[in-house]
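Undergrad: Have a look at the structure that comes next, please.
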Amino acid sequence: MASGADRISDLPDDVIHHVLSLLPSRDAVRTCALARRWRDLWRSVPAVRVAGARGWASFDALARFVDSLLRLRRGGAALDACDFDLRFDGAFPGEELQGDTWISRALRRQVRALRFTVSTHPRVPIPLSDSPLVSHNLTTLELRGVQGNDQVLDFSSCPSLVDLKMKDCYVGGLEMWSPSLKHLSMTYCVFYCDYRTRMDFPSLVTFKFNTNTGRTPLLETMPSLATAAVRLDHFCHDRCANGWYDDCGDAGCKGCHDYYRPDEYDCVFLEGLTEATDLTLLAYSKVYLFNRDLKWCSTFSKLKTLFLNAWFVAPDLSALAWFLQHAPLLERLFLRVSKVPKNLVGMDGSFNQLEQPFAASHLQIVEIYCREVDGIILKILKLLILCVLVSTPRINKTQAVHGSKYVFDGTGVSGASRIRLFGSIEKI
């Protein structure tokens with residue numbers, strides 16, 4: 001201003017702290033040179049943000065800065081968020097990366113939301129120490145590119161933790177546990193190939209498990225679960241090399257080897273999801289986990305919305321029929337159907353569910369998405385019309401955005417019901 005007055009310095013400390021919390025910490029610290037009033041304001045900023053390794057003369061210079069940043073914070077100053085976003089395009093610093101030390105110091109500063117992500121090329125997970133995370137203030141934790149063992153993955157010493165996100169992490173422990181966690185997201189993580197990690201989250205409300213590698217973990221019951229979205233791709237090791245949905249009996253098949261452990265568990269994964277009201281189950285067609293789990297799984301007594309892809313088709317639509325029978329409150333069903341490999345072998349003891357009459361009493365909306373209407377689609381329609389519509393359906397054909405749309409209207413057990421078939425759409 002023309003008068004030369006410093007109006008910004010006249011702002012209250014809380015306002016200045018909020019503004020500084022939006023900046024990278026390196027820039028926030030530089031404001032100490034503006035005036036005497038700003039000399040120590042950076043020490044009480046409620047957020048620490050360290051982004052990338054670029055712009056530093058060496059990694060050692062970055063490490064010294066972060067050490068000083070955490071060590072010199074004003075005692076008692078609230079730390080709402082701590083964000084370490086470390087990306088290395090060149091040489092990886094290896095053991096010089098003091099991730100454990102920085103995380104521990106942030107927890108001692110009573111941080112509420114902690115994000116620690118490491119990105120390297122090639123991708124190398126950063127091992128964390130053997131000591132558990134301990135904090136009564138931490139509510140949100142995001143980890144990426146790290147490796148955790150049994151100690152790190154035991155979150156029981158963080159009783160306020162409610163939100164956990166893990167991406168590109170190596171799950172190197174036999175158990176993950178938190179009595180308080182409500183929201184869990186795991187994407188592109190690597191699990192052990194020879195045994196299953198036990199996951200115990202009794203307070204979980206939302207669960208996302210997407211495109212992870214290795215053996216699918218063993219889920220304990222989650223009585224508070226409301227929403228779950230699961231995707232098992234070809235990275236999942238729960239698939240038979242011989243194309244069986246049941247145990248092939250081949251000792252050389254790594255997928256089937258040690259899958260059945262009746263002394264430890266029957267249902268591996270789905271039993272932990274039985275309390276969900278909104279459920280998405282997507283799987284690569286050769287992954288057998290869901291089909292095998294249904295042999296022991298309990299009723300989905302609260303389920304109202306269900307989304308399935310092509311895994312339910314083989315060997316005889318028994319998986320679809322199972323859900324129609326064992327999800328008594330199901331209202332909305334979405335099916336995405338694609339080609340199923342013909343070499344997949346059915347399960348021992350499977351039966352033709354189409355011959356067993358039953359009614360999906362609450363089902364109101366069914367939507368089927370497919371590339372073409374073939375014999376499999378007609379079998380699905382036959383099953384659904386028998387189970388959903390108690391009156392002769394009226395068929396309407398209209399033009400949808402991607403091809404033809406067939407609508408089967410009729411009277412269901414609980415009133416008007418509708419089956420929509422999108423006969424030809426682009427690949428999803």
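Since every read-out is calculated from the coordinates, none of them should be taken as a lab result. Being a predicted model, the structure only gives us computed values, none of them experimental. All Cβ positions, glycine included, derive from the backbone under ideal geometry; neighbour counts span all protein chains shown.
Undergrad: Using 0.36 nm per residue of separation minus the Cα-Cα distance, give me the extension gain between Thr211 and Leu174 in nm, one decimal.
TA: Details: separation 37, 0.36 × 37 = 13.32 nm, distance 1.97 nm.
That pair, Thr211 and Leu174, stretches by 11.4 nm at full extension.
Undergrad: Roughly what would the spin-label model give for Lys379 and Asp40, points 7 Å off Cα along C-beta, in nm?
TA: Using points 7 Å along Cα→Cβ, the separation is 7.6 nm.
Undergrad: Can you order the peptides 126-139, 102-115 by their average number of other Cβ atoms within 10 Å per residue, highest first?
TA: Most protected by this proxy first, the peptides run 102-115, 126-139.
Undergrad: Related question: Quick check for me: using +1 on Lys/Arg Cβ and -1 on Asp/Glu Cβ, what's the dipole size of region 185-241 about its Cα centre, in debye to the nearest 20?
TA: Numbers: 6 positive and 5 negative charges, 17 e Å.
Result for region 185-241 is approximately 80 debye, rounded to the nearest 20.
Undergrad: At 7 Å along Cα-to-Cβ for each site, give me the label-to-label distance between Gln151 and Phe235 in nm.
TA: For Gln151 paired with Phe235, the spin-label model returns 2.7 nm.
Undergrad: Of all alpha-carbon pairs in region 95-245, indicate the percentage at a distance above 27 angstrom.
TA: When all Cα pairs of region 95-245 are counted, 20 percent exceed 27 Å.
Undergrad: Quick one: of Lys182/Lys379; Lys208/Lys254; Lys165/Lys295; Lys304/Lys382; Lys254/Lys302; Lys182/Lys304, which pairs are farther than 28 Å apart, Cα to Cα? Mind showing how you got there, number by number?
TA: Details: Lys182/Lys379 40 Å; Lys208/Lys254 26 Å; Lys165/Lys295 31 Å; Lys304/Lys382 22 Å; Lys254/Lys302 35 Å; Lys182/Lys304 20 Å.
As for pairs spanning more than 28 Å Cα to Cα, those are Lys182/Lys379; Lys165/Lys295; Lys254/Lys302.
Undergrad: What is the set of long-range amide H partners of Ala314 at a cut-off below 5 Å, with H atoms built 1.01 Å from backbone N?
TA: Those qualifying (amide H under 5 Å, at least 5 residues apart or on another chain) number zero.
Undergrad: Ranked highest first by average number of other Cβ atoms within 10 Å, how do 270-279, 186-195 line up? Before the final figure, lay out each step's value.
TA: Details: 270-279: 21.1, 186-195: 16.4.
Order by mean packing, descending: 270-279, 186-195.
Undergrad: Given charges of +1 on the Cβ of Lys and Arg and -1 on the Cβ of Asp and Glu, with all other atoms neutral, how large is the dipole of region 262-331 about its Cα centre, in debye to the nearest 20?
TA: Values: 5 positive and 9 negative charges, 51 e Å.
The dipole magnitude comes to about 240 debye.
Undergrad: Estimate the FRET efficiency between Gln325 and Ser58 by the formula 1/(1 + (r/R0)^6), using the beta-carbon distance for r and 45 Å for R0, to the nearest 0.05.
TA: On the way: r = 64 Å, r/R0 = 1.42.
Once the sixth-power term is evaluated, E becomes 0.10.
Undergrad: At 7 Å along the Cα-to-beta-carbon direction for both Arg71 and Asp130, put a label point, then send me their distance in nm to one decimal.
TA: Here the modelled spin labels are 2.7 nm apart.
Undergrad: In addition: Grab the beta carbon distance between Asp266 and Ser301, set R0 = 25 Å, and tell me the FRET efficiency rounded to 0.05. List each step's numbers first, then the result.
TA: Working: r = 19 Å, r/R0 = 0.74.
The value I calculate is 0.85.
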